[in-house]
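Please read the structure below before turning to the comments.
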Amino acid sequence: MESNQLKRQILWLISASVLWVVAYICLEPLSRWAAFELLGLAEGSHLGEAVAFFLLDVPKVMLLLVIVVFGVGIVRTFFTPERTRRFLVGRRELTGNIFAALLGVVTPFCSCSAVPLFIGFVTAGVPLGVTFSFLVAAPMVNEVAVVLLFGLFGWKVTLLYISTGLFIALVSGWIIGRLKLEKWVEKWVYENQASTTNEDDPTWPERIDAGVLAVREIVGKVWLYVILGIAVGAGIHGYVPEGWMASVMGRGAWWSVPAAVVIGVPLYSNAAGIIPIVQALLGKGAALGTALAFMMAVIGISLPEAVILRRVLRPQLLAVFFGIVAVGIIAVGYFFNLVFG
Amino acid sequence: MKTIKILGSGCPKCKALYTNTEAAIKALGLDCSLEKVTDMKEIVKSGVMSTPALVIDGVVKSSGRVISPEEIKKLLAWPTHE
């Protein structure tokens, strides 16, 4: 029965991929046709270009989202938090931080279970700093952000974002480990005893189902933000004059990087809506480092997560944690503004 | 009688899993107790690191996912080890 199910799924996957490829190839001509023939807008006009941009980017990002979220959904069935923990227990500093940051990307993580995960890690013997590397990387480098960056900025900026995100996770976790801040973890955390579960490994049909479920859950949650974000981005592309952002988010304004981080923090979790807008601003004179810092602050630092983590961390440790990550993001912003000047 | 527990801090996903489990129990016509566990210590004690989790007779059957009533039915049909 299981092999029948798998056969059906594979057939279904093949037809879906064919459709996907056809749709992706037709995107550009179709979007221009829709904007300039169907809607009769003038090529090169503000409105025409903005509409063409919107009609191209929304389906493109959605197509990329579906395929990447599906793939990541399957990959994540191999990296359970239990397995990641087993791998990280007793790791030395630095190598532990590196592995934790990398595993943070592929291990399923939702900030709503940050507390049981944190307790599960530290009571089992994962060093505190290594645990923090995981907690920084997990939200910062996520599939939605990566897809939007790739779809709208191209692979260079995406790679830059991923590598600096991992670097910040690695360094901030390492610093927290060096500072030996275990005393600022709430006492009750260590009163728990680590225990393990024995969940059965999923079968391949179940893994594929998990991929489909991930698509339904994640794409179902972000599609509206994608449309709104790209609509605003398209408007900026079409109507905002060149160089308009140069004085605010340009390299000349020294205060713009920290300001971008301060503004970015409360805008948590709307990666899907914020990235298209930042991309548009980049074309209007915003500096790359400032833009990166802003996106990292929006995506990587979330206030609700701070509230949740307060249950296991004393305020001092919470402040140190977010302070180090924020400083890291600011440093990255200045660095890229210098390098890409 | 089976004891079923839904572990989670009360996020929307946990509520969805609770509703799905209720539906599965009803569909099977089972006689069992269903309870929500929100106490963090208890959740950690069961070894669960990602919520929501479904625990049947003390055994963690699923964690970190909202599984469908169909999947829950399969898990409930499993013989219990008394």
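Would the range B:20-36 turn up any residue that is within 26 Å of residue A:78 (Cα to Cα) and touching a residue at least 40 places away in the same chain (Cβ under 8 Å)?
Here is the first cut: in the range B:20-36, the residues within 26 Å of residue A:78 (Cα to Cα) are B:20-21.
Subsequent filtering for residues that are touching a residue at least 40 places away in the same chain (Cβ under 8 Å) retains B:20-21.
Within the range B:20-36, one or more residues are within 26 Å of residue A:78 (Cα to Cα) and touching a residue at least 40 places away in the same chain (Cβ under 8 Å).
Please tell me if residue A:126 is free of Cβ contacts under 8 Å to residues at least 40 places away in the same chain and more than 21 Å from residue A:273 (Cα to Cα).
Judged against the criteria, residue A:126 is not a match.
Just give me the residues in the range B:9-32 being within 13 Å of chain A (Cβ to nearest Cβ), on the phi < 0 side of the Ramachandran plot and not basic (Lys, Arg), in sequence order.
B:9, B:11, B:12, B:14, B:16, B:17, B:20
Of the residues A:107, A:77, only one is touching a helix residue (DSSP H, G or I) at 6+ places or on another chain (Cβ under 6 Å), surrounded by 24 or more Cβ atoms within 10 Å (Cβ to Cβ) and within 11 Å of another protein chain (Cβ to nearest Cβ); which?
Working: A:77 fails: surrounded by 24 or more Cβ atoms within 10 Å (Cβ to Cβ).
Being touching a helix residue (DSSP H, G or I) at 6+ places or on another chain (Cβ under 6 Å), surrounded by 24 or more Cβ atoms within 10 Å (Cβ to Cβ) and within 11 Å of another protein chain (Cβ to nearest Cβ) holds for just one of A:107, A:77, which is A:107.
Please verify whether the range B:33-45 includes one or more residues that are assigned to a loop (DSSP other than H, G, I, E, B), at positive phi and within 13 Å of chain A (Cβ to nearest Cβ).
The answer is no, given that none of the residues of the range B:33-45 is assigned to a loop (DSSP other than H, G, I, E, B), at positive phi and within 13 Å of chain A (Cβ to nearest Cβ).
If a residue must be farther than 18 Å from residue A:271 by Cα and either in contact (Cβ under 8 Å) with a residue 24 or more places away in the chain or part of a helix (DSSP H, G or I) (or both), how many such residues does the range A:25-66 contain?
Total meeting the criteria: 24.
Anything in the range A:145-169 that is hydrophobic (A, V, I, L, M, F, W, C) and buried (at least 24 other Cβ atoms within 10 Å of the Cβ)? List them, or say none.
A:145, A:147, A:148, A:149, A:168, A:169
Give A:191, A:186, A:206, A:182 a once-over and let me know the one that is surrounded by fewer than 22 Cβ atoms within 10 Å (Cβ to Cβ), touching a helix residue (DSSP H, G or I) at 6+ places or on another chain (Cβ under 7 Å) and among the acidic types (Asp, Glu).
A:182
Is it the case that some residue within the range A:70-92 is at positive phi and part of a loop (DSSP other than H, G, I, E, B)? Steps first, answer last, please.
First pass over the range A:70-92, keeping only residues at positive phi: A:90.
Now drop any that are not part of a loop (DSSP other than H, G, I, E, B), which leaves A:90.
The answer is yes; a qualifying residue exists.
If you check residue A:91 against the conditions, is it in contact (Cβ under 8 Å) with a residue 24 or more places away in the chain and farther than 27 Å from residue A:228 by Cβ?
The answer is yes for residue A:91.
Given the conditions (1) at pLDDT 90 or above; (2) away from every other protein chain (no Cβ under 14 Å); (3) more than 22 Å from residue A:76 (Cβ to Cβ), which single one is not true for residue A:284?
It is condition (1) that residue A:284 fails.
If you go through the range B:58-82, how many residues are away from chain A (no Cβ under 13 Å) and of a type outside the set (S, T, N, Q)?
7
Please go through the range A:160-218 and pick out each residue that is more than 14 Å from chain B (Cβ to nearest Cβ) and among the hydroxyl-bearing types (Ser, Thr, Tyr).
Within the range A:160-218, A:161, A:163, A:164, A:172 meet the criteria.
Checking the structure you have, find out if any residue of the range A:202-213 is assigned to a loop (DSSP other than H, G, I, E, B), modelled with pLDDT under 90 and within 30 Å of residue B:66 (Cβ to Cβ). Reasoning before the result, please.
Initially, the range A:202-213 is screened for residues assigned to a loop (DSSP other than H, G, I, E, B), giving A:202-203.
Imposing the further condition that a residue be modelled with pLDDT under 90 reduces the set to A:202-203.
Add one more test, that the residue is within 30 Å of residue B:66 (Cβ to Cβ), and what stays is A:202-203.
Within the range A:202-213 (the criterion being assigned to a loop (DSSP other than H, G, I, E, B), modelled with pLDDT under 90 and within 30 Å of residue B:66 (Cβ to Cβ)), the answer is yes, since at least one residue qualifies.
So which residues in the range A:21-69 are closer than 21 Å to residue A:272 by Cα and either surrounded by fewer than 14 Cβ atoms within 10 Å (Cβ to Cβ) or among the basic types (Lys, Arg) (or both)?
A:60
Does residue A:330 count as touching a Pro at 6+ places or on another chain (Cβ under 6 Å) and of a type in the set (Val, Ile, Thr)?
yes
The values are calculated or read from the model by the stated rules, or taken from the named source; none is laboratory data. Owing to the predicted nature of the structure, the values given are computational and were not obtained by experimental measurement. Neighbour counts are summed over all protein chains in view; Cβ atoms, including those assigned to glycine, are modelled from backbone coordinates with ideal geometry.
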